[in-house]
1. Within the stretch 1-28, take every residue that is without any contact (Cβ under 8 Å) to a residue 12 or more places away in the chain and of a type in the set (A, V, I, L, M) and give me the one that is farthest from ASP84 (Cα to Cα).
2. Can you find a residue that is open to solvent by less than 40 Å² (accessible area, probe 1.4 Å), outside any strand (DSSP E or B) and not acidic (Asp, Glu) anywhere in the stretch 65-73?
3. Which condition number in (1) on the phi > 0 side of the Ramachandran plot; (2) part of a helix (DSSP H, G or I) is the one that PRO16 fails?
4. Spot the failing condition for ARG31; the list is (1) without any contact (Cβ under 8 Å) to a residue 60 or more places away in the chain; (2) surrounded by 12 or more Cβ atoms within 10 Å (Cβ to Cβ); (3) more than 12 Å from the chain's Cα centre (by Cα), and only one is missed.
5. Hey, can you tell me all the residues within the stretch 15-26 that are open to solvent by less than 50 Å² (accessible area, probe 1.4 Å) and over 11 Å from the mean Cα position of the chain (by Cα)?
6. Please enumerate the residues belonging to the stretch 38-62 that are open to solvent by 10 Å² or more (accessible area, probe 1.4 Å), of a type in the set (Gly, Ala, Ser) and either at pLDDT 95 or above or within 16 Å of the chain's Cα centre (by Cα) (or both).
7. If I filter the stretch 76-92 down to residues being among the small types (Gly, Ala, Ser) and either in contact with a strand residue (DSSP E or B) (Cβ under 6 Å, 6 or more places away or on another chain) or over 11 Å from VAL29 (Cα atoms) (or both), which single residue comes out as modelled with the lowest pLDDT?
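The values are calculated or read from the model by the stated rules, or taken from the named source; none is laboratory data. Everything quoted here is computed from the prediction, not taken from an experiment. In this analysis, Cβ positions are derived from the backbone assuming ideal geometry, glycine residues included, and neighbour counts consider all displayed protein chains. To get the accessible areas, we keep the full protein, side chains included, count just its heavy atoms, and leave off ligands, DNA and RNA. Shrake-Rupley method; radii C 1.70, N 1.55, O 1.52, S 1.80 Å.
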Amino acid sequence: MQVQLHADNIVPGSLPLTQAVEAAVEHAVRRWAPRITRVEVHLSDTNGHKGGADDKRCLMEARVGGLQPIAVAHEAGTIHDAVDGAAGKLKKTLENTLGRLNDR
């Protein structure tokens, strides 16, 4: 499984951030990792330099073999909270989607 991180020009990309994002994604999708080819993570600051509550956004899109991409998003006050929230949503969405397919 490949994790691709994309950040806008406001969100500083760094090695610790990249490692934290990869760890959150791998933890969230580990049960389904053999079926997932790629997870794209897009980080952005929705209102630029203005600041404000819940202005950091994380969009995660999982590419699962044989299915349409599964995308979730979460907004929070910090990038790390946005990543954790999106990872949790991705985990639940994968459990619901792939769990139903396994039940058939």
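1. Per the stated criteria, the residue is LEU15.
2. The answer is no; no qualifying residue exists.
3. (1)
4. (1)
5. LEU17, THR18, ALA20
6. Hit for the stretch 38-62 is SER44, nothing else.
7. Across the stretch 76-92, the extreme among qualifying residues is GLY77.
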